[in-house]
1. Within region 247-299, can you find the residues that are polar (S, T, N, Q), within 16 Å of the ligand (Cβ to nearest atom) and either outside any helix (DSSP H, G or I) or farther than 21 Å from Val311 by Cα (or both)?
2. When region 11-60 is examined, which residues are found to be open to solvent by less than 10 Å² (accessible area, probe 1.4 Å) and more than 18 Å from Tyr142 (Cα to Cα)?
3. How many of the residues in region 308-366 are farther than 30 Å from Gln235 by Cβ and of a type in the set (Val, Ile, Thr)?
4. Scanning for something in a helix (DSSP H, G or I), closer than 21 Å to Phe182 by Cα and open to solvent by 40 Å² or more (accessible area, probe 1.4 Å), does region 96-110 turn up at least one residue?
5. Name the one entry in Gln18, Gln47 that is touching a Ser or Thr at 6+ places or on another chain (Cβ under 9 Å), more than 16 Å from the ligand (Cβ to nearest atom) and touching a residue at least 60 places away in the same chain (Cβ under 8 Å).
6. Residue by residue through region 32-65, note down the ones that are closer than 30 Å to Pro206 by Cβ and either part of a loop (DSSP other than H, G, I, E, B) or touching a Cys at 6+ places or on another chain (Cβ under 6 Å) (or both).
7. Residue under question is Val326, and the condition is that it be within 16 Å of the ligand (Cβ to nearest atom), assigned to a helix (DSSP H, G or I), among the hydrophobic types (A, V, I, L, M, F, W, C) and open to solvent by less than 10 Å² (accessible area, probe 1.4 Å); does it hold?
8. Within region 50-94, take every residue that is in contact with a helix residue (DSSP H, G or I) (Cβ under 9 Å, 6 or more places away or on another chain) and among the aromatic types (Phe, Trp, Tyr) and give me the one that is nearest to the ligand (Cβ to nearest atom).
Amino acid sequence: MLDIILRHCTLPDGRLDQDIGIQAGRIVAVQPALPAQAGREIDAAGQLVSPPFVDAHFHMDSTLSYGLPRVNASGTLLEGIALWGELKPLLTQEALVQRALAYCDWAVAKGLLAIRSHVDVCDPRLLAVEALLHVRERVRPYLDLQLVAFPQDGLLRSPHGLAQVQRALDMGVDVVGGIPHFERTMAEGAESVRLLCELAAERGLPVDMHCDESDDPLSRHIETLAFHTQRLGLQGRVAGSHLTSMHSMDNYYVSKLLPLMREAGVAAIANPLINITLQGRHDHYPRRRGMTRVPELLAAGVTVAFGHDCVMDPWYSLGSADMLEVAHMGLHVAQMTGQDGMRHCFDAVTEAPARVLGLPGYGLAPGCRADLVLLQARDPFEALRLRATRLMVMRGGEVLATTPAAVASLSLPGRPASTSWQPAAVAGGSADVRLTTAGPVATR
Ligand code: FE2
């Protein structure tokens, strides 16, 4: 007798009509027609069950602050940084905690159960670090929040930058961050990469740097990051975030850089919504897209994850914690509209960031924690196309969130009243998922 069985699931790898057995918060079986009974059975009705969404790159300290103290008029990265500088002295711990917790609620509702957030450590009070460490503990039962010590004003450019990073790590921040392209010179950028990688090696921590978030094709700190990763034996625990200068780099140089990144085991994190918004701002026409070379990185064997980066903050006025929206933008910007490309983009908001964050027990195999999302879609492509409703979000076998299926009621002239749900209309199949949050669910 199991605790829960989800019947008739479609899995992201294409397996159809699978039953998922759950016992004591873990997945214990995945197979067709699981010959077992459970205290509760949920009929997925052939719809997609995915492991939770994972956001590889976010800024929890600035989220939901849109309009404080004013709106970013130019919409540029540099005005955003200046605006954040105006907001920082006005921040209170209570407001930071409240906004971060509100965002985590949004995230859970969207099936986003793990987030790596950079946190600015240049404020001498380390107010945001304290606030987000508190939030990390508050949300731990339902969301994995990983924090990166981010010297946003520059490690060497801001007073006591390195000491501030060290203080944040002493307080329990998980990952070493950086921003080499924002240091005063290329040489100081390279020096910041060396110092931060050495710090990570000393402390046995991962590294995730904002790296080359620029349209300057000569911004090549990713090469330095790959070099120090190899030199210090940090393979597999280093990520370069943004890497937008790669979009504009010389093609011959990139043909050398890609294998270096692969050799060093450095992961790439692209932020499609933000990259397409903030890059190319100094261009007339043609205007560059700016996102890093996602298909080429994947072809070279580099792990590529996507991040949301910003939601309603000084840099971006939109967003809703929806990683399908991020992947949807990513596949458009990278022109990854083929089946393999779309599958990679779905992976870039699930499996790939889970690897980057080193999440234990992630996935849908027996033995994994029973964290999963039931979507109103029949496969990952449909989930991307529709930014599908998250019908149910589960963590450790507990239902955290449910959302009613999106169904439109139609009253069309000359036709009987009807309901429409896009996939059902196309396939003529049933979109009916029988789901409740309390007690057993009827099987079909
Ligand atoms: Fe960022």
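The values are calculated or read from the model by the stated rules, or taken from the named source; none is laboratory data. Since the model is a prediction, treat every value here as computed from it, not as a measurement. Every residue, glycine as well, gets a Cβ built from its backbone with ideal geometry; the counts of neighbours run over all protein chains shown. Remember, those area values only see protein heavy atoms, side chains included, never the ligands or the DNA or RNA. Shrake-Rupley method; radii C 1.70, N 1.55, O 1.52, S 1.80 Å.
1. So the first thing to find is which residues in region 247-299 are polar (S, T, N, Q), and the list is 248, 251, 255, 271, 275, 277, 279, 292.
From the residues that got through so far, the ones that are within 16 Å of the ligand (Cβ to nearest atom) too are 271, 275, 277, 279, 292.
Listed by number, the residues that qualify are Asn271, Gln279, Thr292.
2. Of the residues in region 11-60, the ones open to solvent by less than 10 Å² (accessible area, probe 1.4 Å) are 11, 19-22, 27, 42-44, 47-58, 60.
Result: Leu11, Asp19, Ile20, Gly21, Ile42, Asp43, Ala44, Gln47, Leu48, Val49, His57.
3. Matching residues across region 308-366 total 2.
4. Pass one, region 96-110, residues in a helix (DSSP H, G or I): 96-109.
The next check asks that each one be closer than 21 Å to Phe182 by Cα; those that pass are none.
No, every residue in region 96-110 fails to be in a helix (DSSP H, G or I), closer than 21 Å to Phe182 by Cα and open to solvent by 40 Å² or more (accessible area, probe 1.4 Å).
5. Details: Gln18 fails: touching a residue at least 60 places away in the same chain (Cβ under 8 Å).
One residue alone meets the criteria, Gln47.
6. Val49, Pro51, Pro52, His59, Met60, Asp61, Ser62, Thr63, Leu64, Ser65
7. Working: within 16 Å of the ligand (Cβ to nearest atom): yes; assigned to a helix (DSSP H, G or I): yes; among the hydrophobic types (A, V, I, L, M, F, W, C): yes; open to solvent by less than 10 Å² (accessible area, probe 1.4 Å): yes.
Yes.
8. Phe58
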